[in-house]
């Protein structure tokens, strides 16, 4: 887990819960604001992310973007990808106008 993820989510109480979700691959480099406007993802809860990872429902070939509220209720962009035999999870300020998500990344949204 990345430092931001730890700072924003560590100690947050949650229970693992099943979620139906959909994925959409972005077709060009995009900012969060563009993803919000064009793809309109629904938020995922931390417990739902845990379910998705524990259930092995993500491809280990892709980089995923999810939007999750942290322990203070602030919406965060959470990046999840497989590297060296484990899931790597990082968090970034959602809506930032300086961080691009790259073409081919996959946005995960609850249904």
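No value in this document is a laboratory result; all are computed from the given coordinates. From a predicted model like this one, the values you see are computed outputs, not experimental measurements. Note: ideal-geometry Cβ built from the backbone for every residue, glycine included; neighbour counts use all protein chains shown.
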With Cα springs under 10 Å, the Gaussian network model of the chain assigns the largest mean-square fluctuation among 18, 27, 84 to 84
With Rg from the Cα atoms and Rh as the Kirkwood inverse mean 1/r over Cα pairs, region 19-75 has an Rg/Rh of 0.96
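Based on the alpha-carbon set only, what is the convex hull volume of the chain divided per residue, in Å³? It would help to have the intermediate numbers written out before the result.
Details: hull volume 11.2 nm³, N = 111.
Considering the Cα atoms of the chain, their hull volume per residue is 101 Å³.
Which order results if 66, 46 are arranged by neighbouring Cβ count within 10 Å, fewest first? Display every interim value, and only then the final one.
Numbers: 66 26, 46 20.
Taking fewest neighbouring Cβ atoms as first place, the list is 46, 66.
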Expected max-MSF residue from 42, 83, 29 in the GNM of the chain (alpha carbon, under 10 Å) is 83
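By how many nm would the segment from residue 83 to residue 3 grow when fully extended, if each residue of separation counts as 0.36 nm and the alpha-carbon distance is taken off?
In short, 27.1 nm is gained.
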Expressed as a whole-number percentage, the relative contact order of the chain with C-alpha contacts under 8 angstrom and at least six residues apart is 42 percent
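Please list 50-56, 103-109 highest first by mean number of surrounding beta-carbon atoms within 10 Å per residue. Show your work: numbers first, answer last.
Numbers: 50-56: 14.0, 103-109: 17.9.
Going by the mean number of other Cβ atoms within 10 Å, highest first, we get 103-109, 50-56.
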With the label point 7 Å along the Cα-to-beta-carbon line of residue 53 and a cut-off under 17 Å to each amide N, the hits in region 15-46 are 15-19, 44-46
Under the 7 Å Cα-to-Cβ spin-label approximation, residue 45 and residue 17 lie apart by a distance in nanometres of 0.2 nm
The alpha-carbon center of region 70-109 and that of region 1-37 are separated, in whole Å, by 5 Å
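Roughly what % of DSSP beta bridges within the chain run antiparallel, to the nearest 5? Don't skip to the end; give the middle numbers.
Details: 21 of 23 bridges.
The answer is about 90 percent antiparallel.
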